[in-house]
Amino acid sequence: MKASSSELDQPVATHPLSVIIATDCGSTTTKAILIEKKGEVYRQTFRGEAPTTVEAPFEDVTRGVLNAIAEVEELSGRKILDGERIITPNQEQAGNPNVGVDLYISTSSAGGGLQMMVAGAVQSMTGESAQRCALGAGAIVMDVLASNDGRLPHEKIERIRSLRPDMILLSGGTDGGTVSHVMEMAEYIAAAEPRPRLGMSYSLPLIYAGNKNARELVQEILGKKTSLVITENIRPMLERENLGPARDKIHDLFLEHVMAQAPGYKKLIAWTGAPIMPTPAAVGLIMETLARREHLNLLGVDIGGATTDVFSVFRNVFNRTVSANLGMSYSISNVLAEAGLPNIMRWVPCTIEEQTLRNRIKNKMIRPTTIPQTLDELQIEQAIAREALRLALAHHKSLATGLKGVQQERTISDAFEQRASGATLIDMLSLDLIVGSGGILSHAPRRIQAMLMMVDAYEPLGFTLLSVDSIFMMPHLGVLSTVNEQAATDVFVRDCLVYLGTCVAPIGQGKEGERCTDYTMTFGNDRKSERGTLAFGELKLLSLGPDERAQVTLQPAKHVDAGEGRGKSVTREVRGGVVGLLLDGRGRPLQLPTDTPTRLAALDRWYRAVNLYP
């Protein structure tokens with residue numbers, strides 16, 4: 001996934017890094033963080049932010065960057081700027097050691113991020129592979145075209161013409177296979193003569209990553225009408241995906257073409273010591289790095305105002321999806337439309353009129369920068385967040401799949417595992433860590449609120465550790481990992497992630513009050529033990545601090561599975577956190593009472609059990 005800088009002639013840090021300044025240029029806010037080497041480890045020390053300045057009257061992204069860095073300067077006492085120049089490398093001036101930085105890096109989603117259209121021969125095969133490739137590179141996929149998508153030729157041409165993407169990815173066919181479908185899609189694109197979203201004076205970048213036998217024909221059809229780049233086939237054989245080369249090309253073209261058209265980016269590119277990355281690609285990269293280093297199955301989410309990004313690494317396979325219509329401000333009405341009012345209201349622990357709830361949601365959409373002022377407003381917003389998270393995960397599961405169209409030799413054990421061609425890779429029982437990010441999670445007034453939102457939305461199974469990004473610095477660390485992996489992971493583990501604790505959730509259902517499982521928690525140097533019984537319909541919160549670990553043994557009821565099969569005892573080492581150890585006996589799948597008084601009583605009981613009420 002690392003972006004190539006061979007064609008960009010940018011400075012790349014080769015000297016030892018002790019002081020690093022990193023920025024993330026978001027659609028509304030530019031965030032800067034200072035990272036310093038303290039002894040043998042890197043730590044995030046100061047941060048600053050300022051409004052992003054890509055629009056009028058400034059129309060120069062570097063203004064917002066300089067303002068954010070100036071705040072870091074003021075807080076840290078380090079001189080980083082010399083007028084409108086970042087002082088590099090780190091140097092000593094007039095006896096003052098706090099001058100300059102060794103490296104400046106940046107990510108960006110300003111101006112709407114990277115918006116792409118993808119095209120494949122068959123929608124469920126090369127079309128989905130192309131979509132996974134674009135999503136993994138940090139793009140919002142505006143549409144997926146395929147020869148069998150049910151649209152008439154003139155409809156496809158009109159769609160290509162009207163969307164005005166930043167870039168198109170064309171794939172199709174295995175190497176050596178038929179070229180007719182690829183040619184068909186190329187002809188549609190040529191007939192549409194698409195124009196880019198930014199900059200009318202240059203040709204639309206188009207990456208061809210399909211059947212190598214069709215390269216000359218594609219060059220003939222699209223070479224003069226687009227800025228064509230040809231790379232390796234993303235689906236060279238039915239049973240193999242090869243997404244890396246095309247993702248690298250997407251990063252290169254994003255920097256060379258898309259970013260170059262945005263106001264002030266040419267100046268910003270000249271300042272950076274590594275290629276600028278799309279914000280979502282950088283977030284995905286740090287999660288992928290962590291999963292690889294720690295050998296984890298990981299699920300991450302970034303819930304924003306307009307979109308919700310979900311990242312996963314299962315069995316070393318990375319996937320990212322973006323739900324472009326699910327967010328907490330600009331897209332909040334779409335959450336209501338997709339989830340339905342009853343699904344949102346089931347999480348609200350107080351009685352409220354339907355029309356009042358609808359009005360509050362519409363107010364949030366038209367005033368996206370407002371924050372809740374009362375407890376009721378906060379509870380409504382967190383109820384909506386649960387549904388946005390749930391829907392985004394369902395969308396992610398549908399795309400994070402094995403390869404479709406692949407014939408597999410299957411044994412009896414495979415048949416029982418149900419891992420058929422095209423099955424989702426998301427296995428909640430083998431999930432080790434959930435990472436939450438975005439304002440509603442990172443800035444929840446109490447950490448238990450963030451933990452409950454993710455547990456209610458994702459319904460983790462067995463033993464799962466939960467965490468949140470403390471101040472949303474994952475994009476900065478993602479691009480830093482391409483330069484210095486140790487610095488990125490040091491800061492990620494020590495300063496970025498706030499471990500909430502472990503959720504223990506047995507699988508099965510039973511009548512409220514019945515025994516779900518007996519538990520024993522052994523912890524501390526003196527091996528103290530805490531024993532008890534978890535009943536169905538019950539939440540329990542046990543104290544286990546951020547640096548503490550404990551051994552937990554479950555002896556579930558006969559029809560309950562704690563991770564090793566029904567009725568079988570399970571012993572695992574668990575990690576604590578700022579919230580503690582959460583025992584969830586509400587059953588899986590989680591079903592809330594349907595009648596209002598019983599539901600409100602259940603929510604009240606659960607919230608009191610985890611000390612959510614004073």
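Among the residues of segment 502-531, just one is small (Gly, Ala, Ser), in a strand (DSSP E or B) and farther than 15 Å from Ala562 by Cβ, namely Ser529.
Only one entry of Ile276, Ile352 meets the criterion of being among the hydrophobic types (A, V, I, L, M, F, W, C) and in the same structural domain as Leu431 (by TED's automatic domain parsing), and that entry is Ile352. Taking the conditions (1) crowded, with 17+ Cβ neighbours inside 10 Å; (2) of a type outside the set (D, E, K, R); (3) within 30 Å of Val61 (Cα to Cα); (4) without any contact (Cβ under 8 Å) to a residue 40 or more places away in the chain in turn, Val258 satisfies each one other than (4). Of all residues in segment 427-441, those satisfying the criterion of being at pLDDT 90 or above and assigned to a loop (DSSP other than H, G, I, E, B) are Asp427, Leu431, Asp432. Return yes when Arg159 is surrounded by fewer than 24 Cβ atoms within 10 Å (Cβ to Cβ), touching a helix residue (DSSP H, G or I) at 6+ places or on another chain (Cβ under 9 Å) and part of a loop (DSSP other than H, G, I, E, B) and no when it is not. When the stated conditions are applied, Arg159 does not pass them. Count of segment 291-332 residues, restricted to those that are in contact with a helix residue (DSSP H, G or I) (Cβ under 6 Å, 6 or more places away or on another chain), closer than 24 Å to Val144 by Cα and among the small types (Gly, Ala, Ser), is 1.
Against the criterion of being within 25 Å of Met451 (Cβ to Cβ), assigned by TED's automatic domain parsing to the domain that holds Ser437 and out of contact with any Gly (no Cβ under 7 Å at 6 or more places or on another chain), Asn359 does not qualify. Count of segment 362-379 residues, restricted to those that are among the charged types (D, E, K, R) and at pLDDT below 85, is 1. Checking segment 201-219 against the condition returns a match, with at least one residue being in contact (Cβ under 8 Å) with a residue 40 or more places away in the chain, touching a Phe, Trp or Tyr at 6+ places or on another chain (Cβ under 6 Å) and part of a helix (DSSP H, G or I). In segment 161-177, the residues that are under 16 Å from Leu204 (Cα atoms) form Cβ pairs under 7 Å with partners that are polar (S, T, N, Q) and crowded, with 20+ Cβ neighbours inside 10 Å, at six or more places apart or across chains, as follows: Pro165/Gln115; Asp166/Gln115. Each residue in segment 232-249 was checked for being within 15 Å of Gly120 (Cβ to Cβ) and within 21 Å of the chain's Cα centre (by Cα), and 2 of them qualify. Of the residues making up segment 164-207, those that are farther than 17 Å from Ile250 by Cβ, among the polar types (S, T, N, Q) and crowded, with 20+ Cβ neighbours inside 10 Å number 1.
Screening Arg572 against (1) over 29 Å from the mean Cα position of the chain (by Cα); (2) assigned to a strand (DSSP E or B); (3) basic (Lys, Arg) leaves a single unmet condition, (1).
For every residue, the table says whether it meets (1) outside any helix (DSSP H, G or I); (2) modelled with pLDDT of 90 or more; (3) under 12 Å from the mean Cα position of the chain (by Cα).
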{"site": "Leu299", "(1), (2), (3)": "yes, yes, yes"}
{"site": "Asp309", "(1), (2), (3)": "yes, no, yes"}
{"site": "Asn319", "(1), (2), (3)": "yes, no, yes"}
{"site": "Val322", "(1), (2), (3)": "yes, no, yes"}
{"site": "Asn325", "(1), (2), (3)": "yes, no, no"}
{"site": "Met328", "(1), (2), (3)": "yes, no, no"}
{"site": "Glu338", "(1), (2), (3)": "no, no, no"}
{"site": "Pro349", "(1), (2), (3)": "yes, yes, no"}
{"site": "Arg360", "(1), (2), (3)": "no, no, no"}
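Just a yes or no: is a residue in segment 79-87 of a type in the set (A, V, I, L, M, F, W, C), over 22 Å from Gly138 (Cβ atoms), touching a residue at least 60 places away in the same chain (Cβ under 8 Å) and in a strand (DSSP E or B)? Yes, segment 79-87 contains at least one residue that is of a type in the set (A, V, I, L, M, F, W, C), over 22 Å from Gly138 (Cβ atoms), touching a residue at least 60 places away in the same chain (Cβ under 8 Å) and in a strand (DSSP E or B). Any chance you could count how many residues in segment 37-70 are surrounded by fewer than 22 Cβ atoms within 10 Å (Cβ to Cβ), part of a strand (DSSP E or B) and either modelled with pLDDT of 95 or more or in contact with a helix residue (DSSP H, G or I) (Cβ under 9 Å, 6 or more places away or on another chain) (or both)? Counting residues in segment 37-70 that are surrounded by fewer than 22 Cβ atoms within 10 Å (Cβ to Cβ), part of a strand (DSSP E or B) and either modelled with pLDDT of 95 or more or in contact with a helix residue (DSSP H, G or I) (Cβ under 9 Å, 6 or more places away or on another chain) (or both) gives 10. Could you please let me know if Val101 is hydrophobic (A, V, I, L, M, F, W, C), under 30 Å from the mean Cα position of the chain (by Cα) and not in a loop (DSSP other than H, G, I, E, B)? Against the criterion (hydrophobic (A, V, I, L, M, F, W, C), under 30 Å from the mean Cα position of the chain (by Cα) and not in a loop (DSSP other than H, G, I, E, B)), Val101 does not qualify.
The values are calculated or read from the model by the stated rules, or taken from the named source; none is laboratory data. It should be emphasised that the depicted structure is a prediction, and the values quoted were computed from it without experimental measurement. Here Cβ is always computed from backbone atoms with ideal geometry, including for glycine, and neighbour counts include all displayed protein chains.
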